Amino acid sequence: MKEARRVGRRHAHRLRAEQAGRLAERTAELARALRERDEVERAAQDVEALLDGELAFAKKSAVRQYAESIGGAVFIALLLRSFVVEAYQIPSGSMIPTLQVGDHVWVNKMVYGLRIPFTDLKVGTQIRPPRRGEIIVFSHPKSEHEDLIKRVVAVGGDTMELRDNVVYVNGTAVARRDQGPLRYYDFDEAGQHWFAGDAQAYQQQLGGAVFTTLQDPTQRARGFGPVRVPEGQLFVMGDNRDNSSDSRYWGFVPLNLVRGRAMVVWWSRGQPEGVRLGRIGHLLR
């Protein structure tokens, strides 16, 4: 039916009067059969015979049909990637143990507003801004071609301070509980090799998220701030606190640079086990 209508519309100037009449007649008969659910197959065969016979000159070639199908699929994929969801691979250990090197995560790009493709302009950022404790993917404020993934520690208007490795937001310490020593595997991007590291693990709760952070027991306790986060910006940190380049070093993250919220691990591969089946489907909080 769709093909018959396309031929009648696009090739009307090429059809003889009798051809146009037969096409209209058989198309109308197929429409009637579809409505009444009566002899649909016969009516469809009549239309198909006409299209494959004397009107074959107007039929799409196989190459064109494949091109249109592939083009449509690519367009939908680009549309989804621009506005709905995007895959992101974890390249470094700054978010260990929450995210491992080699994790692949889905990023929800609609939750914080919509980005206009090929720009840093976003609309609707104030409808649902990022909240404390959420894991976000964003463009590096100092290097627009680099994407990072960190946890939101403070939002616009908050005062943030790090005192003896304890985070304070608006003067209140983020509760944490010592979970003991933890061995983890990280990847050295410069040397291109895996290595084992040891850290002290702490369970923390910030906003609605409960997560684990790591501290290097060989380094002295750190401090930072206090600083007030400007409106429309975020203060972010990695969960691997002593091995993370974050807002402590290069500043705040403007809302328009936020690409989306990390939601779930859909694939994971790395040392020491290879494919990490236990991490596939892991929800991020």
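With +1 on each Lys and Arg Cβ and -1 on each Asp and Glu Cβ, and nothing else charged, work out how big the dipole of region 86-279 is about its Cα centre, in Debye to the nearest 20.
So the magnitude is around 540 debye.
Would you mind counting up the charge near R22? Only other residues with Cβ under 12 Å from its Cβ, with Lys and Arg at +1 and Asp and Glu at -1.
Residues close to R22 contribute a combined charge of -3.
Compute the helix-to-body angle for 40-52: its Cα long axis versus the longest principal axis of the chain, expressed 0 to 90° and rounded to tens.
80
Report the label-to-label distance for F195 and A87 in nanometres (one decimal), using points 7 Å from each Cα along the Cα→Cβ vector.
That separation, rounded to one decimal, is 3.0 nm.
Express in nm, to one decimal, how much length is gained between R285 and M1 on full extension, taking 0.36 nm for each residue of separation and deducting their alpha carbon distance.
In short, 97.3 nm is gained.
Could you bin all the Cα-Cα distances of the chain into 10 Å bins starting at 0 and give me the percent of pairs in each, rounded to whole numbers?
Binned Cα distances yield the sequence 6, 22, 24, 14, 8, 10, 10, 6, 1, 0.
State the answer as a single residue: which of I135, G223, A201 lies farthest towards the positive end of the charge dipole of the chain, with beta carbon charges of +1 for Lys and Arg and -1 for Asp and Glu, about the Cα centre.
Of the listed residues, the answer is I135.
Report the gain in length on full extension from A17 to E231: 0.36 nm times residue separation, minus Cα-Cα distance, nm rounded to one decimal.
70.1 nm
Once fully extended, how much extra length lies between A49 and T172, figured as 0.36 nm per residue of separation less the alpha-carbon to alpha-carbon distance?
36.5 nm
Expressed as a fraction of 2.2 N^0.38 Å, the rule-of-thumb size for a compact globular protein of N residues, what is the C-alpha radius of gyration of region 196-272?
1.30
Readers should treat all values here as calculations from the given coordinates under stated rules, not as data from a laboratory. This structure is a prediction, so every number in the text was calculated from the model and none was measured. Neighbour counts run over all protein chains shown; Cβ positions are idealised from the backbone, glycine included.
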